[in-house]
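Read the structure below first, then the notes.
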Amino acid sequence: MSRRLRRTVLTCVAVLASMTAGLAPATAVPPEVPKQLIAQDFPDPDLVRVGSTWYAYATNNFAHVPVASAPTIDGPWTVRGDAMPGGPSPSWATAGRTWAPDVHLNGDGTLTMTYTAWHTASGRQCIGVATATNALGPFTPAGSPLICPLGQGGAIDANTFVAADGTRYLLWKNDGNAIGQPSTLWLVRTTNNGTALVGGSTALLTSSGVIEAPDIVQRGGQFVLFYSGGSYGGCGYETRYATANSAGGPYSVAGQALMTQGNTGICGPGGADVVTAADGLTGGDKVVFHGWVGGARHLYSVDLSWVGNVPVQGGRRAVSLDGDGRSELAVVEAGGAVRAWHNDLGFATMPYGDSAIIGTGVTDPARVRFADLDDDGRAEQIHLQPNGDVQAWHNDVGFGTMPYGDSVIIATGFTDPTRVRFADLDDDGRAELINIQADGQVQAWHNDGAFSAMPYGASRIIATGFTASRTAFADIDGDGRDEIIAVQANGDVQAWHNDAGFATMPYGNSVIIADGFTDPARVRFPDLDGDGRAEIAAIQTDGQIRAWHNDAGFVTRPYGDSLVVGAGFTDPGRAIFI
């Protein structure tokens with residue numbers, strides 16, 4: 001068997017029909033379009049996860065500190081009211097200019113908010129602190145400001161950073177712009193759940209222009225300082241970054257901005273909060289930011305990827321049992337238990353380690369699916385019931401014994417499980433529901449509601465001329481939008497590129513990505529190494545599973561070296577990559 005995937009011979013048998021018709025070229029769209037989360041004024045956002053719920057806080061408008069909540073970071077978001085209904089501390093501050101709140105969940109379950117408020121005596125802005133026992137508030141402000149350097153123009157834009165060694169800091173800006181002086185972004189250690197300072201502040205960056213809204217992400221020994229620059233009131237406001245080898249710098253400013261109106265399509269993308277695994281996010285990092293729509297700053301998110309330790313705007317959502325994006329391997333046992341093995345090594349020989357029973361009661365393997373419904377990177381378990389109901393159980397734990405919690409009915413009327421697929425067509429991390437109809441049309445319903453009862457909304461015909469037994473979906477090029485794939489009668493594996501996301505007939509050009517695969521029931525497309533580009537795998541008649549690495553993305557025959565990733569899987573109908 002050749003290492004390169006040319007005329008690979010597998011011992012697979014089936015009669016396959018050709019499928020090349022029905023895919024019209026589609027209009028290309030940018031690699032990733034930011035998602036609008038809240039379509040009303042919600043500027044200078046900060047997000048925190050408490051339990052399984054996300055909370056977002058914003059600069060004052062209808063409330064002193066507007067607060068919203070959502071089951072997933074990409075929504076659906078509900079604006080809930082005022083997290084600090086009494087306003088800033090009247091002993092030093094006046095309501096009306098309460099800006100850029102930062103909320104951090106403490107180890108004891110309480111929450112600490114740092115916020116900017118109008119200093120009554122001077123008319124400048126200073127930073128205060130407040131605490132609460134509930135993410136919705138009410139937050140109770142302390143009686144004096146935490147940071148208030150009036151000689152430097154005051155202080156704004158506090159943001160908590162906890163280093164990998166557990167040291168807690170507060171980022172802030174002295175508002176030199178308010179008095180015609182340079183402004184500096186500072187870093188200071190904190191204690192007592194962030195309500196008190198330890199020692200002096202360290203200067204990180206200084207500019208005679210506008211720099212504000214600092215946020216630090218640590219990646220190993222590298223520290224990335226994100227900040228906003230330009231005038232917040234216009235489309236020239238943007239998100240920039242600088243890097244250093246220690247939290248205190250010195251920082252080197254990147255040669256170009258991370259997010260601008262030009263590369264996001266959003267007017268004034270700034271006030272960013274970078275959300276990572278350290279904040280409880282699984283499935284990949286995100287930037288949550290505001291942008292102007294009319295006279296209001298709406299809330300948006302966009303995926304964040306990394307080239308080494310350099311941030312890149314855009315990316316894709318990783319999916320597996322535990323959210324690391326490296327597919328687990330599972331089998332539906334004869335007794336109905338679903339056993340999964342954890343992917344410890346990525347693309348490697350026999351990479352699977354410990355196993356766990358993740359489900360029970362699966363009497364028909366053809367009726368079980370796994371897909372991420374709520375953009376947390378962890379696949380839900382889905383059963384296609386004989387009565388046509390589609391029932392999903394939420395993945396609460398990741399990779400573990402019986403990780404699935406509450407269940408909901410997500411669809412009805414799907415009586416033939418062989419025709420049902422789940423795929424993320426638009427890179428929002430929430431799988432669409434797909435039905436391959438008897439007439440060859442492929443109909444998809446958009447996931448509007450994440451993990452909830454009946455979350456699927458509008459439908460589109462996304463392709464024609466396909467047969468259910470031969471059709472698969474997978475992301476071949478790592479853009480987060482699944483391609484459609486056909487295993488042809490002659491053994492060719494043909495893929496059509498997803499140019500347009502969730503749209504009518506979104507698939508454009510096609511390429512032959514492999515050949516020699518004559519039994520579609522034995523072919524899988526897992527992402528084994530978490531790079532977003534699906535490998536191709538074959539479950540062989542001797543029970544071994546051989547996988548070929550995706551070296552080149554969406555091109556003709558992108559697959560390179562092969563290796564055996566599993567053994568003992570003699571019934572392909574029971575083997576599942578998750």
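The values are calculated or read from the model by the stated rules, or taken from the named source; none is laboratory data. Keep in mind it's a predicted model, so treat the numbers as computed, not measured. Here the Cβ is made from the backbone with ideal geometry for all residues, glycine too, and neighbour counts use every protein chain on show. Side chains included, ligands, DNA and RNA excluded: accessible areas come from the protein's heavy atoms. Shrake-Rupley method; radii C 1.70, N 1.55, O 1.52, S 1.80 Å.
Overview of values
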{"item": "Enumeration of residues in region 227-240 that are over 16 Å from Pro182 (Cβ atoms), surrounded by 22 or more Cβ atoms within 10 Å (Cβ to Cβ) and aromatic (Phe, Trp, Tyr)", "result": "Tyr237"}
{"item": "Residues (assigned to a loop (DSSP other than H, G, I, E, B) and either of a type in the set (Gly, Ala, Ser) or surrounded by fewer than 21 Cβ atoms within 10 Å (Cβ to Cβ) (or both)) located in region 42-76", "result": "Gly51, Ser52, Ala58, Asn61, Phe62, Ala63, Pro71, Gly75, Pro76"}
{"item": "Test result for Gly388, buried (at least 22 other Cβ atoms within 10 Å of the Cβ) and either among the small types (Gly, Ala, Ser) or not assigned by the TED database to the domain that holds Phe473 (or both)", "result": "no"}
{"item": "Scope region 421-454; condition assigned to a loop (DSSP other than H, G, I, E, B), closer than 24 Å to Gly573 by Cα and touching an Asp or Glu at 6+ places or on another chain (Cβ under 7 Å); matching residues", "result": "Asp424, Ala431"}
{"item": "Failed condition for Ala474, given (1) open to solvent by 20 Å² or more (accessible area, probe 1.4 Å); (2) modelled with pLDDT of 95 or more", "result": "(1)"}
{"item": "Criterion violated by Glu483 - all others in (1) more than 30 Å from Pro351 (Cβ to Cβ); (2) surrounded by 22 or more Cβ atoms within 10 Å (Cβ to Cβ) satisfied", "result": "(1)"}
{"item": "Residue, surrounded by the most Cβ atoms within 10 Å (Cβ to Cβ), within region 148-173, restricted to residues that are of a type in the set (Gly, Ala, Ser) and either in contact (Cβ under 8 Å) with a residue 24 or more places away in the chain or in a strand (DSSP E or B) (or both)", "result": "Ala158"}
{"item": "Residues satisfying the stated conditions in region 323-342, i.e. at pLDDT 95 or above and either in a loop (DSSP other than H, G, I, E, B) or farther than 23 Å from His383 by Cα (or both)", "result": "Arg326, Ser327, Glu328, Glu333, Ala334, Gly335, Gly336, Ala337"}
{"item": "First in region 425-439 and farther than 17 Å from Ala500 by Cβ and of a type in the set (Lys, Arg), second anywhere and open to solvent by less than 10 Å² (accessible area, probe 1.4 Å) and part of a loop (DSSP other than H, G, I, E, B), Cβ under 6 Å, 6 or more apart", "result": "Arg430/Leu373; Arg430/Asp375; Arg430/Ala450"}
{"item": "Only one of Asp354, Asp324 that is in contact with a His (Cβ under 7 Å, 6 or more places away or on another chain), outside the structural domain of Asp41 (by the TED database), over 22 Å from Met259 (Cα atoms) and in contact (Cβ under 8 Å) with a residue 12 or more places away in the chain", "result": "Asp354"}
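Per-residue answers, yes or no, for (1) part of a loop (DSSP other than H, G, I, E, B); (2) touching a strand residue (DSSP E or B) at 6+ places or on another chain (Cβ under 8 Å); (3) open to solvent by less than 60 Å² (accessible area, probe 1.4 Å); (4) among the polar types (S, T, N, Q):
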| residue | (1), (2), (3), (4) |
| --- | --- |
| Gly194 | yes, yes, yes, no |
| Gly199 | no, yes, no, no |
| Leu205 | no, yes, yes, no |
| Thr243 | no, yes, yes, yes |
| Ser246 | yes, yes, yes, yes |
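For every residue, the table says whether it meets (1) open to solvent by 10 Å² or more (accessible area, probe 1.4 Å); (2) assigned by the TED database to the domain that holds Ala163; (3) of a type in the set (Val, Ile, Thr).
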position	(1), (2), (3)
Asp108	yes, yes, no
Thr116	no, yes, yes
Gly128	no, yes, no
Pro138	yes, yes, no
Leu146	yes, yes, no
